[in-house]
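The values are calculated or read from the model by the stated rules, or taken from the named source; none is laboratory data. For clarity, every value in this text was computed on a predicted model and none was experimentally measured. Reconstructed Cβ throughout: ideal geometry from the backbone, glycine too, with neighbour counts over all protein chains shown. Ligands, DNA and RNA are stripped out before the accessible areas are found, and what is left, the full protein with its side chains, is counted by its heavy atoms. Shrake-Rupley method; radii C 1.70, N 1.55, O 1.52, S 1.80 Å.
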Amino acid sequence: MKSISKLQNLHRYHSWFISLVIFLLIIGVYTWALQGLKVDFQLLKDSSPFIIDFISRLFPPNWQVLDIAIKGLIETVQMSVWGTSIGAVLSLPIAIASANNIAPLWLRWIANLIQNSVRSVPSIILGLIFVAATGLGAPAGTLALSIYTIGYLAKFYQQAIESVDNSSLASLQVIGASRIQIAQYGILPQILPLGLGYTLWMFEYNIRAASVLGVVGAGGIGFQLKSYIDGFEYTKATTMMLVLLVVVTVIDWFSSKLRRYLESI
């Protein structure tokens, strides 16, 4: 009994020591990161009047541009619908090729390289590329969102595929099913609710991303927003932001309800 008690105490001290080391490492990382930022807290304190002055210029909203805001918002939603859909279709084969439980090592390496390469390119850079290719407007933004979506949905789909029940896959392998048949009958039914939930989340995110792409002329409400800010018409810019806020909130509420329904299936 004494030996068991000693082992328990040793395990307790070992766990305590590991927790202390992890805590100190976390403190060290945040301290190092803060030093690298070179934050001037006095400057932040002195800048508060300028922040208040800028915010005061945003109000009251100019509702005369509401029709322009709604038109730009509709274009933004259209860009997100098509961008998310195209990206989702292209993401699925990449996700299958990168999943550890069904793809060979050489194929996983290539598919993961594609994912990482896409994620490393900011959405604004993608917008600039497609603006140069197709000109200003929504087509450039839609193509940029499509590629941007691949970097994230492919990874989400991959994780969903790797979390499936391996026993069902083993049963299909025993009866001689091909990789395509395993994906179609063993994986797709299991990941469909989760995959749809991820796709809805990406659709929400792409509405925000589409508004940012307008900064480089890739269409949507962001283009009008940047135009008003550049022209110091801040009250009109506020109208754009409020309209975007309302729509994003509604879509977030609706998609959250739909995701919960899909997860309960």
Scan segment 210-240 residue by residue and report those that are open to solvent by 10 Å² or more (accessible area, probe 1.4 Å) and under 30 Å from residue 259 (Cα atoms). 211, 212
Meets criteria (in contact with a helix residue (DSSP H, G or I) (Cβ under 6 Å, 6 or more places away or on another chain) and either at pLDDT 90 or above or surrounded by fewer than 16 Cβ atoms within 10 Å (Cβ to Cβ) (or both)) for residue 86: yes
Looking across segment 121-149 at residues that are out of contact with any Gly (no Cβ under 8 Å at 6 or more places or on another chain) and hydroxyl-bearing (Ser, Thr, Tyr), the single one that is most open to solvent (accessible area, probe 1.4 Å) is 134
So which residues in segment 89-109 are open to solvent by 40 Å² or more (accessible area, probe 1.4 Å), in contact with a helix residue (DSSP H, G or I) (Cβ under 7 Å, 6 or more places away or on another chain) and not polar (S, T, N, Q)? 90, 92, 96, 107, 108
Residue under evaluation residue 81, criteria (1) closer than 27 Å to residue 178 by Cβ; (2) in a helix (DSSP H, G or I); (3) aliphatic (A, V, I, L, M), criterion not met: (1)
Determine which member of the set 98, 48 is of a type in the set (Gly, Ala, Ser) and either out of contact with any Lys or Arg (no Cβ under 8 Å at 6 or more places or on another chain) or modelled with pLDDT under 85 (or both). 48
Would you say residue 82 is more than 30 Å from residue 168 (Cβ to Cβ), among the aromatic types (Phe, Trp, Tyr) and in contact with a Leu (Cβ under 9 Å, 6 or more places away or on another chain)? yes
